[in-house]
Amino acid sequence: MLVGIVGKPNVGKSTFFASATLRSVPIADYPFTTIKPNVGMGYLRTKCVCKEMGVEDNPKNSVCIDGVRLIPVKLVDVAGLVEGASVGRGLGNQFLDDLRQADALIHVVDASGSTDDEGRKVGPGTHDPSGDIEMVEKELDLWILGIVEKDWEKAARIAEQTGGNIVQHLASRLTGLAIDEETIEAALLHFKLKREKPTAWSDGDLRTLVKWLREKTLPSLIAANKADLPTSKPNIEKLKSGERTVIPCASEAELLLRKAAEQGLIRYTPGSNSFDVLKRDGMTPAQSRALDLVHERVLRVWGDTGVQQAIDQAYFGLLKAIVVFPVEDESKLSDKNGKVLPDAHVMKGGTTALDLARRIHSELAESFLYAIDGRSGKRLADDYGLKNGDIIKIVSSGRRS
């Protein structure tokens, strides 16, 4: 699963990405700092099962800090979108294409209202960020609409004359966006569009159809960035009054905390509501003051910086992801080398024990016999629906995990 980070220029997307991944990316106070997409690994935060099971774990593919498992997940930060991006303005088509593989979006907005439609600096509180949300979503819809409309009239006419399948045509057009025939069928049923008469569909019908498909297959949440600035609070309250999921966010504060922790100055776990100072005498006055401001203006006001919360919500909330812990020895909860709870896999909701076997190794899936619940010892069939926090052993005719 891949989560994309989008927004207009100069709202702090690259700072959000850098704070989530600690990867060095260009960060500057002007539009179009990012040109090529930045791809990196963030972390998904979840409760580890080690404390419940009374064991000390030895993670390999992730990190466990005081019973909190941080699992690497893939993030992509694309350049800022402006009005007209869907027709190439600001290299918009290129940027939108970078999102083709995304399963969900974190839409970063400047909650302080200090950047205009183009991402240029304006007086704090003088711009309404809700308009930015509508603009970016509109450009996403127009981009998908452009794909659909490329040969629409011809395809609709042929489908009508020959009894062809317009749903199949749409699915082939949108396959790169993971929009399948079943989803399109559901959309036609929802809007009562007759599949046998596609030439009768209006331009408005196509726009409505595309918007619905985008919302269903590319869900998004709002990261209301720059929440530490005074003009942000009323804007965040306004954004929260709508139907979208809105998470107050201070990505600069998160970046500061993670870098300070990396340098050994503080103890901080991503997503925490506090940090412990380890080396106050090793800080410069500016560093010490900056940490005090993070506590006063972010953690005390909002409870956290919002960066980790946005990532967690994108995976667990939007994508209904689950975390599964595979083991080879269910009695010791270990792999063949004795490492306890070594791996934690992020899976899509609705996946099965066989899907987990396939994730581990294709040969394991091909020779799958059954799975074992690491808690109860119960045997599980290949179609067993995995649940968040499951501890699973796969038994096969050839190898085990």
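Read-outs throughout are calculated quantities, based only on the coordinates presented, and are distinct from any laboratory measurement. This is a predicted model, so every value here is computed, not measured. Every residue, glycine among them, receives a Cβ derived from its backbone with ideal geometry; neighbour counts consider all protein chains shown.
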**Prompt:** Restricting to region 321-396, what percent of DSSP beta bridges are antiparallel, rounded to 5?
**Reply:** 80 percent
**Item:** Relative packing of peptides 146-153, 219-226, 39-46 - highest average C-beta neighbours within 10 Å first
**Value:** 219-226, 39-46, 146-153
**Item:** Stokes-Einstein D for region 282-358, Kirkwood Rh over Cα pairs, 37 °C, 0.692 mPa s (µm²/s)
**Value:** 204 µm²/s
**Message:** Past 29 Å, Cα to Cα: identify those pairs from Lys51/Lys393; Lys336/Lys387; Lys13/Lys51, in the order given.
**Reply:** Lys13/Lys51
**Prompt:** If the cut-off is 20 Å between C-alpha atoms, which lysines fall inside it for Lys279, apart from same-chain ones fewer than 8 positions away?
**Reply:** Lys259
**Request:** Multiply the residue gap between Asp203 and Glu363 by 0.36 nm, knock off their C-alpha separation, and tell me the result in nm, one decimal place.
**Result:** 52.7 nm
**Complete:** FRET efficiency for Glu153 and Asn61 from the Cβ-Cβ distance with R0 = 60 Å, rounded to 0.05, comes out at 0.75
**Request:** Could you point to the residue in His190, Ala200, Ala155 farthest towards the positive end of region 142-212's charge dipole, with +1 and -1 charges on the Cβ of Lys/Arg and Asp/Glu respectively?
**Result:** Ala200
**Fill in**
Asserting the computed 222 nm helical MRE of the chain (DSSP H runs at least 4 long, -39500 (n - 2.57) per run, divided by residue count, to nearest 500) equals -10000 deg cm²/dmol
**Prompt:** Relative contact order of the chain: what whole-number percent is it, with Cα pairs under 8 angstrom and at least 6 residues apart?
**Reply:** 16 percent
**Asked** Between Arg195 and Asp382, what is the FRET efficiency for a Förster distance of 45 Å, r being their Cβ-Cβ separation, to the nearest 0.05?
**Response** 0.85
**Asked** By average Cβ neighbour count within 10 Å, what is the ranking of 198-208, 231-241 from highest down?
**Response** 231-241, 198-208
**Asked** For Cα extents along the principal axes in Å, the listed values are (i) 70, 65, 34; (ii) 74, 51, 35; (iii) 88, 47, 46; which was obtained by calculation from the structure presented?
**Response** (i)
**Item:** Cβ-based charge dipole, the chain, positive-most Cα from Val167, Asn273, Pro230
**Value:** Asn273
**Item:** Contact order relative to length of region 250-401, as percent, for alpha carbon pairs under 8 angstrom and 6 or more apart
**Value:** 19 percent
**Asked** Picking from Ser334, Ala365, Leu319, whose Cα lies most toward the positive end of the charge dipole for region 313-369 (charges on Cβ: Lys, Arg +1; Asp, Glu -1)?
**Response** Leu319
**Asked** Mind listing P(r) for region 142-212? All alpha-carbon pairs, 5 Å bins, whole percents.
**Response** 3, 18, 31, 32, 14, 2
